[in-house]
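To start, the structure itself, in structure tokens.
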Amino acid sequence: MWVSVIPIVISVISLILLLVLVLRKDLGAGLRSEIIRLDEKLQGLNSLIGKTEQAIRDEARFNRQEIAQSLKNLSDSSEQKLENMRQTITNHLQAIQRSNEEKLEQMRATVDEKLQSTLEKRLSESFNQVSERLESVHKGLGEMQKLASEVGNLKNVLSNIKTRGTLGEIQLEKILEQTLTPSQYEKNAKINGKIVEFAIKLPGKDEEEVLLPIDSKFPIRTYEELLDAQEKSSCELVEELSKRLENEIKLQARDISDKYIAPPKTTDFAIMFLPIEGLFAEVLRRPGLFQSLQSQYKIMVTGPTTFNAILTSLQMGFKTLAIEKQASEVWNLLAAVKTDFGKFTETLEGVKRNLTAASNKIEEAEKRTRIIGKKLKDVQALPAQQAEGILGPAEDIEDEPRETE
């Protein structure tokens, strides 16, 4: 590229010099000759440059040919190496593929075997679970059928007036059994020729028992109709049924009051037991009904929870009375002990006098012993065996009777 530029530069310089010559004709002859000489040199230089350029072009052509041949040789060598590498890689890939296929086949066989065993195991477990659940469902259906039968029986029981009364009586008896002892209440107690379901025995005057009558009532039909009306949100029907329930409760309270309240054999009030808390709540919900039953008929209405609380209070009263009775007995016992203790004091004083007299006798004997010892101090003592031979053994000496004061 630079070789082709040089002639252009020289030509430009020559043109410039010619222009200078044309523009300055008044230059000296020496300068013109010098310019001519320079022009000749430039022409020679231009010729030399042309030759050099041709030589460079020839050299470049030769170099291009060598480079092309080298590139061809390199390309052929690279293609051969690439072919060899491709072949080697192909062989390796084929070997890897065969190895992978073999391993995949082994893995497939192993997986198939494990899947088969797992599938069989899972299927077996699933069948067992399904069987167990079916059995549970079958059992649950049996229990539901049994429950439905029991519900039907309960419905039949609740629809029968006599059986409803029996149900309330059974529940009442269970509560009494759990709270009181059998001696504290009486079942089917007879009052004025009438039989009341239960009566609690309370202490009265002169240790005579006073009975507290308890009777269970269960107006279930009206109560169920009231619940249905409340679910349907029928205000008028609810009020009508509530009034009917109130009247039924009042009639039953009057019946209990007329039959079973008979002082002094009984208390001046009786208890009406309602076996359902909801029914008891309806009685409390009616304005003034609870107070009216107490003031007009002397009847206390209770539900299961309230009745339990009343029995607990009565049980505490029974325990308090028992404690007071036992305290009286303990007081009498202490009075008797006090009397005996006075006699015991007299006995102790007599023993003390006897001990004092005995102590005086012992002191007197000690004094006499010391006196005898002083009198016998000049007498020579005999050996023990010889003294025993003269006086005899101590066991043979009989105690002389003591002189009483």
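Just so it is clear, none of the values below were taken in a lab; they were calculated from the coordinates. Computed from a predicted structure; not experimentally measured. Cβ atoms come from the backbone with ideal geometry, glycine included; neighbour counts cover every protein chain shown.
Summary of computed values
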quantity: Selection count, segment 277-301, where residues are among the acidic types (Asp, Glu) and more than 12 Å from Leu245 (Cβ to Cβ); calculated: 1
quantity: Any hit, segment 263-275, residues being aliphatic (A, V, I, L, M), buried (at least 16 other Cβ atoms within 10 Å of the Cβ), in a helix (DSSP H, G or I) and out of contact with any Cys (no Cβ under 7 Å at 6 or more places or on another chain); calculated: no
quantity: Residue among Glu224, Glu197, Glu236 that is over 45 Å from the mean Cα position of the chain (by Cα) and either touching a residue at least 24 places away in the same chain (Cβ under 8 Å) or assigned to a helix (DSSP H, G or I) (or both); calculated: Glu236
